[in-house]
1. Restricting to the stretch B:163-217, name every residue that is closer than 17 Å to B:Ser11 by Cβ and either of a type in the set (Ser, Thr, Tyr) or modelled with pLDDT under 95 (or both).
2. Return the residue satisfying two criteria in turn: it lies in the stretch B:55-69 and is part of a helix (DSSP H, G or I) and among the aliphatic types (A, V, I, L, M), and of such residues it is nearest to the chain's Cα centre (by Cα).
3. Is it the case that the stretch B:195-202 has a residue that's crowded, with 19+ Cβ neighbours inside 10 Å and part of a strand (DSSP E or B)?
4. Only one residue in A:Arg284, A:Arg298 is part of a helix (DSSP H, G or I) and touching a residue at least 24 places away in the same chain (Cβ under 8 Å), so which one is that?
5. Kindly indicate whether any position in the stretch A:42-50 is within 13 Å of another protein chain (Cβ to nearest Cβ), modelled with pLDDT of 95 or more, in a loop (DSSP other than H, G, I, E, B) and on the phi > 0 side of the Ramachandran plot.
6. Tell me which residues, restricted to the stretch B:1-34, are among the aliphatic types (A, V, I, L, M), modelled with pLDDT of 95 or more and not in a helix (DSSP H, G or I).
7. Tell me whether the stretch B:103-122 contains one or more residues that are within 29 Å of B:Arg31 (Cβ to Cβ), modelled with pLDDT of 95 or more and assigned to a strand (DSSP E or B).
8. Give the stretch A:70-96 a look and list any residue that's of a type in the set (A, V, I, L, M), part of a loop (DSSP other than H, G, I, E, B) and either more than 10 Å from every other protein chain (Cβ to nearest Cβ) or under 15 Å from B:Arg78 (Cβ atoms) (or both), or say none.
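The values are calculated or read from the model by the stated rules, or taken from the named source; none is laboratory data. This one's a predicted model, so the numbers in the text were calculated from it and none came from an experiment. Every residue, glycine as well, gets a Cβ built from its backbone with ideal geometry; the counts of neighbours run over all protein chains shown.
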2 protein chains.
Amino acid sequence: MSLFDRVTLLSGGVGGARFLDGLARALPSNRLKAIVNIGDDFEHLGLSISPDLDTCLYTLAGLGDETRGWGLRDESFRAHERLGLLGEDTFFMLGDLDLATHIARTRRLASGERLTEVSRAFAERLGVRVPLLPASDERLRTIIRTKERGEEGFQDWLVRHQAQGSLLGVEYRGEARPTPEVIEALDEATLILIAPSNPYVSIHPILALGDVRERIAQKPCVAVSPLIGGAAVKGPLAQMIPALSKTEAGARAIAELYEPFLDLLIVHSGDAPTVGFERGPIVRECDILMRDPEDRLRLALDVLRIAEEIFTP
Amino acid sequence: MSLFDRVTLLSGGVGGARFLDGLARALPSNRLKAIVNIGDDFEHLGLSISPDLDTCLYTLAGLGDETRGWGLRDESFRAHERLGLLGEDTFFMLGDLDLATHIARTRRLASGERLTEVSRAFAERLGVRVPLLPASDERLRTIIRTKERGEEGFQDWLVRHQAQGSLLGVEYRGEARPTPEVIEALDEATLILIAPSNPYVSIHPILALGDVRERIAQKPCVAVSPLIGGAAVKGPLAQMIPALSKTEAGARAIAELYEPFLDLLIVHSGDAPTVGFERGPIVRECDILMRDPEDRLRLALDVLRIAEEIFTP
């Protein structure tokens, strides 16, 4: 049994999807599964939207817009504009092609399919062979609390209000359980990876489900830091750490956020000394910035190589 | 009180919408209301679609595609294609701009608005001043029965199966009642017009609601024939008449279908002799073919002029 027999990744959207894309090039598809955050999912204009699942799907299908960083390439926004003309709330950009995903998902869910089945069908249709497993088929919602606006859904906070306001707390609301597919992916795993995603809003919502945290603790677990120095490549993570963890944004905060189940933390070149966390994970460095698809593969191979050095006797 | 103080039109989609457009140019908007068929409405991919209301709305807003005869001008079908790729049923063409209408309608209905309120909001947003009143806010469905496929919804019959098969019957299913707005439009009417629409699937579903038929019988009522000779300008009417009314397709069949409440039937030049229906309506001729927007206004003015000759002492 090799360390890479069954690799299970926990992932959010953009950064996670890119790392997943690298892994999908580095490993055969029957050795890799992704458990994807659903805490960002929301209902908008009657449509069920799963941003992280879609970003992973589009990225693996080679359909993602690399420049914009979200949504589909060659996208258009004609329906979106018309929705605005008709008086609908257009805070969340919905492309014409992207709309098809949301309409199809909403239709399938209403017909009784589980989100897991919907994701499997979409992956098959778009030629994606790595299983993209929603963390749950049930409803879990990341709720953000700010001093100025009180509680609001994640997309309201991030997109409508551009993550503005004094952050007071993050909560995962709902009675959601991990799916049988998620439990299987964790239990069969020979290695668990945590993508360079936002711990608070991408990874913790997965860890909050049932005994996911305990199951991960049984396995070799490697996280890739989402920070370079004290800054996030994308998104509001750097401002969230001081507000939510009362500590400086940096690799040490990431190590603490994945305590005590994390065995190995991979940080950006030069960031290891900033961890300094006695009872924490082993820390290794490499270039974690993914500028282009080649970087994704390189990072995936680096992470697997470092994991092998650490975990293989 | 003049005959044209309050004109109420009963209308279906394409032909009805064009005649309505002519009337909207001929009469001030505060003297004209349209009661629009909802028997063709259906749910598709989770969206509430009201084809006749939309055709009337788009036509009056000057947004309709005149060449294709349905949907919006400068339409694109990117979401539609992608829906097909994702395995969705694409028998019914949904343009990107048109989708916005259906998404907004579905969202508004789910939020508790009546279809009447939704239609009013859309009209306001698109600058349409003539009230487009759905015949009902409740569900009425035109069901078609054929020898080959049994019962099916109207759109399945017309669009999916191209009106093929031996037609056995048409039925209007549902406990729908006319709205208060429809009853008001009928009761205040100084003249009721029936558009050159398909009697079976556009006008009869309106007449089937509550006591609409009796209310119309109290008023001067003028219908414009949807046939020229024995042929329909568009749609399956000519083949429906022999199957459903056991008579020849022609102006006489139209007179019979609006018996006994119709006072005046306007048929195409040369078609009057084919009526020959002793206890039927008065019959007058004019050029009823609407080739372009100018024809619509001309026909509306002709119809109003003939009605005035007949009903004004």
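1. Scanning the stretch B:163-217 gives B:Tyr172, B:Thr179, B:Ser197, B:Tyr200, B:Ser202.
2. B:Leu57
3. Filtering the stretch B:195-202 for residues crowded, with 19+ Cβ neighbours inside 10 Å gives B:195-202.
Now restrict to residues that are part of a strand (DSSP E or B): none.
No.
4. On the way: A:Arg284 fails: part of a helix (DSSP H, G or I).
Among A:Arg284, A:Arg298, only A:Arg298 is part of a helix (DSSP H, G or I) and touching a residue at least 24 places away in the same chain (Cβ under 8 Å).
5. Taking every residue of the stretch A:42-50 in turn, at least one turns out to be within 13 Å of another protein chain (Cβ to nearest Cβ), modelled with pLDDT of 95 or more, in a loop (DSSP other than H, G, I, E, B) and on the phi > 0 side of the Ramachandran plot.
6. B:Leu3, B:Val7, B:Leu9, B:Leu10, B:Leu27, B:Leu32, B:Ala34
7. No, the stretch B:103-122 has no match at all.
8. Those that are of a type in the set (A, V, I, L, M), part of a loop (DSSP other than H, G, I, E, B) and either more than 10 Å from every other protein chain (Cβ to nearest Cβ) or under 15 Å from B:Arg78 (Cβ atoms) (or both): A:Met93, A:Leu94.
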